[in-house]
1. Rg over Rh of the protein assembly as shown, using C-alpha atoms and the Kirkwood radius, what does it come to?
2. Note down the magnitude of the dipole of the stretch A:83-149 about its Cα centre, charges +1 on Lys and Arg C-beta and -1 on Asp and Glu C-beta and zero elsewhere, to the nearest 20 debye.
3. Per chain B: cysteines with no other Cys C-beta under 4.7 angstrom?
4. For the stretch A:83-149, just the Cα set please: Rg and Dmax, both in angstrom.
5. What size of dipole, in debye to the nearest 20, comes out for chain B about its Cα centre when the only charges are +1 on Lys and Arg C-beta atoms and -1 on Asp and Glu C-beta atoms?
6. Please compute the Kirkwood hydrodynamic radius over the stretch A:2-75, one decimal place, Å, based on all pairs of different Cα atoms.
7. Take the alpha carbon atoms of the stretch B:695-720, find their center, do the same for the stretch B:601-662, and report the distance between the two centers in whole angstrom.
8. So what's the projected area for the stretch A:35-179, the Cα convex hull averaged over all directions, in nm²?
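Values in this text are rule-based calculations from the coordinates and carry no lab data. All values reported here derive from a predicted model rather than from experimental measurement. Because the Cβ atoms are built from the backbone with ideal geometry, glycine has one as well, and the counts that use them run over all protein chains shown.
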Amino acid sequence: MTALTVNGRPLRFDIDPETPLLHALREAANLTGTKYGCGTGDCHACTVIVDGEALRSCLITIAEAEGRYVTTIEGLSRDRSHPVQQAFVAEQAIQCGFCTPGIVLAAAALLSENANPSAAEIRAALPNLCRCGVYPRLVRAVERAARVARREETISAAPAPGISAEDAARAVPAMDRGD
Amino acid sequence: MHVSRRGLLAGAAVGGGLLVAWGLWPRDYGTPLTPGRGEWAYSAWLKLARDGVLTVAVPQLEMGQGVSTILPQVIAAEMGADWRTVAVEPAPVSGAYPNLPLAAKWAPLWMPFAAGLADDPRKLVLRRWAEMTGFTATAEGTSLAAYEPPAREAAAAARAMLCMAAADRWDVAWEECEVRGGLVFHGDKHFSFAALAEEAAAYEPPDPPPLNPAPYAEVPDPVTEAAGLRFPRLDLPAKVDGTFPFAGDVRLPGMLYAAIRHGPIGDTELLGYDEAAAKVRGLRHVVKSRGWIAAVADTWWAAEKALSAMAPVWRTTGRASSERIATAIDEALTKGEASRVVTRGAGDADNGEPTVTYRYEIAPATHATIETASATARLADGKLELWMATQAPSHAKAAAAKAVGLSADDAVLYPMAAGGSFDRRLEHDHAIEAAVIASEVGAPVQLVWSRWQEHVAGRPRAPLACLASAWTAQEDGSPTGLRLRVAMPSTTAEFGARLFGNKTALAARRATDSAPDPLAFEGALGPYAIPDIAIDHVPVDVGLPSGRMRGNAPAYLAFVTESFIDELAARVGREPLSFRMAMLGGDPRLAECLQRAARLGQWDGGAGQSGNGIACWRIGDPEIGGPVARIACVATARAGEGGVRVEKLSVAVDLGRVVNLDIARQQIEGGLVFGTSLATGSALAYEAGLPTASRLASLNLPQLRDCPEIAVELIPGEGEPADPGEIGVAVAPPAIANALHSATGLRLRRLPLLSEGL
């Protein structure tokens with residue numbers, strides 16, 4: 001059994017310790033937000049944060065990840081409130097969304113190290129492949145996320161999940177039954 | 001005797017009386033939606049719930065292009081709903097959502113011997129076929145043309161029903177009611193959609209439904225746009241937190257994971273594999289077919305590892321190779337018999353020898369979607385369930401059902417969104433494979449192709465070579481005649497034989513290798529007022545199956561034509577912009593795009609090795625009618641370290657009426673990036689039946705750090721809304737080639753541009 005901490009919870013994997021972290025997360029832990037795109041480290045869709053660093057989960061085995069702290073897209077925030085998540089939605093820097101979790105985590109790791117990255121630093125930190133072509137919006141989105149993280153700006157673009165019908169009805173007249 | 005409709009159809013079809021049977025086919029496909037508790041279906045398009053949530057069913061594949069926002073937006077705007085209450089779900093496969101414009105366009109593919117009966121969306125035969133087969137395919141930029149009208153009608157009907165329910169409560173005439181923001185008003189009284197949801201569902205809407213005077217449109221305007229998006233994409237919150245499910249994210253009780261290996265390209269047969277080597281921990285089953293072998297295990301990685309260890313052995317004849325492709329195309333181009341597929345004026349008759357001829361080539365290119373082919377299948381109690389992303393769901397479902405001996409009625413397809421497609425998901429080999437594997441192992445199975453398998457068994461864009469010839473006027477060098485002689489596989493016909501004929505890749509190639517393929521030359525006349533044009537196709541079997549790819553015919557035709565036009569201008573020392581403008585008298589809107597792009601991109605004529613190149617294109621033909629997308633692009637590029645460096649793309653675009661400006665911008669930006677990837681990479685080479693590259697890293701795809709600066713100017717336009725997704729793909733490669741000519745003096749006539757070396 002290989003033990004590591006994923007999104008703050010201790011997990012023990014009863015599978016081949018040589019299994020890449022990517023497949024342990026997806027197929028054993030059912031954390032499917034981490035995506036398989038190539039298995040060889042080219043696409044970066046499987047990027048997760050391991051002990052603060054953005055790593056391609058297809059390139060590390062669970063044996064190598066033993067005892068480490070892994071954050072996947074599911075664990076980045078409880079309610080989509082991470083500045084990168086909010087900024088990506090606000091800038092519509094997402095199309096098909098398949099590469100998005102990897103890009104968001106790479107950007108989040110960058111901002112945790114560097115509160116005010118330059119455009120060149122952002123480009124260097126995001127080698128993720130996106131075939132839909134959201135690139136023209138990425139630098140802008142990460143810069144905006146950085147401003148939010150520095151509390152120079154606020155965004156509420158992506159609503160938190162699980163809003164109750166009563167709360168929604170208070171904010172949206174169309175949902176208020178009037179009874 | 002009880003006679004079912006189905007029995008009648010089969011009997012009639014056997015007797016040759018297909019039309020009799022069609023006459024008995026249901027005309028109304030009703031409401032295929034299943035409302036939940038406290039929710040009511042108003043039509044095939046929408047449901048309204050007690051809590052005010054309006055759920056729109058979208059019969060098109062979401063693959064990043066935003067259709068699962070745009071069609072709900074059309075409904076919300078027509079209905080007067082509050083955008084915050086709108087939810088979306090994929091529509092089931094049903095006759096209620098026929099894609100008529102696409103069925104008309106593809107009539108030569110599904111009715112090859114009598115396409116004339118069904119080449120117009122208004123024709124009855126076509127509607128019947130599209131309804132009967134549940135043809136809702138997502139392709140060719142037809143989403144709005146096909147679905148904006150029925151979506152608006154459904155919304156208008158629902159709006160009227162809500163007004164009727166409110167009016168009855170107030171005892172007023174329903175026509176006096178107004179709807180906005182999800183509220184029905186009469187004077188200063190109002191009821192919410194939530195309050196009326198149940199009652200209103202029981203009303204019979206007026207026929208025809210009372211449409212708003214004009215369809216919804218957004219007009220480019222910096223002030224209103226700065227205030228924020230009016231209709232933000234519905235799919236983004238789930239996409240940014242990892243909960244948005246793709247086909248490979250489905251988890252079922254007892255589900256196993258399958259990996260697959262396909263044999264080399266050609267006529268291929270599995271001979272055997274190393275059974276002793278397959279002792280991988282977690283491996284449960286091995287499933288063999290003629291042309292593939294699959295391993296099924298507790299994790300996908302274990303299945304993939306087992307396949308590597310098993311080292312399957314194949315017998316393959318007619319192996320695909322780049323050498324064979326080049327030889328076949330060269331022979332066809334220089335000696336093959338051509339069919340004229342498009343003519344304008346006198347074509348090339350009586351013109352004599354052309355003034356100038358150049359040869360252009362395009363290598364096979366792969367889609368490289370980040371999501372590989374993925375499908376989840378469960379077979380239980382004689383029913384097949386499929387979870388997958390597909391651009392042609394009814395055909396994928398039918399093919400998978402047939403493969404396991406079931407009728408399409410015994411299969412259910414749950415449409416999933418695609419992790420990119422670019423027309424890759426018009427193919428559904430993986431649906432058949434997943435169904436067969438699930439059937440053999442007796443458990444739910446999730447099949448995911450490895451990246452290598454995408455390269456081996458994907459369907460790349462067809463390779464081609466073209467001799468472009470012109471007859472030019474003596475005074476200014478402008479073309480008076482143009483001829484394109486194109487040697488390429490009959491790629492659209494081949495695709496059609498796979499999709500509609502359920503043929504294997506090999507059988508489809510064999511069925512179509514000698515017939516010309518007019519659909520592969522859509523828009524070949526180009527935008528210019530050249531009096532005589534002749535487009536010739538030399539069909540050639542290159543030994544490699546090929547398929548559709550984002551941009552399709554406009555993408556390769558624009559590269560050839562716009563490179564060639566640039567060369568014609570350079571021959572006589574004319575400035576490329578004014579050379580083009582002089583030929584655009586018939587399309588002032590495209591001329592406007594060119595001028596605006598020139599301004600936006602600080603066009604300098606490309607002189608003095610400035611590295612500026614220009615190109616334009618349009619998809620659709622104003623003379624025929626229908627939507628027309630127009631674009632002009634100024635590219636700045638240089639030959640840099642390791643290849644082409646595209647610095648900037650500035651485009652002006654006219655799409656007619658635009659429903660969602662920011663999604664249109666996304667699509668233009670994405671199209672330009674995709675076009676750039678085709679200009680600088682994406683190519684596959686083949687040896688002994690296999691691609692020589694197994695990795696994405698070998699494709700030279702742009703990353704953020706290579707991405708050109710992109711400036712987009714959307715021109716407020718009128719007319720039917722054109723698709724924004726493909727036009728950028730078409731314009732980027734020739735603009736970049738022309739820019740490189742300016743920068744280096746070299747004319748690169750081959751795609752990808754790198755393949756010639758700099």
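1. On the way: Rg = 27.7 Å, Rh = 29.0 Å.
The Rg/Rh ratio comes out at 0.96.
2. On the way: 6 positive and 4 negative charges, 36 e Å.
Charge dipole, the stretch A:83-149, about its Cα centre: 180 debye, nearest 20.
3. B:C466, B:C593, B:C616, B:C633, B:C707
4. 10.4, 28
5. On the way: 70 positive and 86 negative charges, 391 e Å.
Dipole magnitude for chain B comes out near 1880 debye.
6. On the way: mean 1/r = 0.0855 Å⁻¹.
Result for the stretch A:2-75 stands at 11.7 Å.
7. A separation of 10 Å, based on Cα centres.
8. On the way: hull surface 42.3 nm².
The number I arrive at for the stretch A:35-179 is 10.6 nm².
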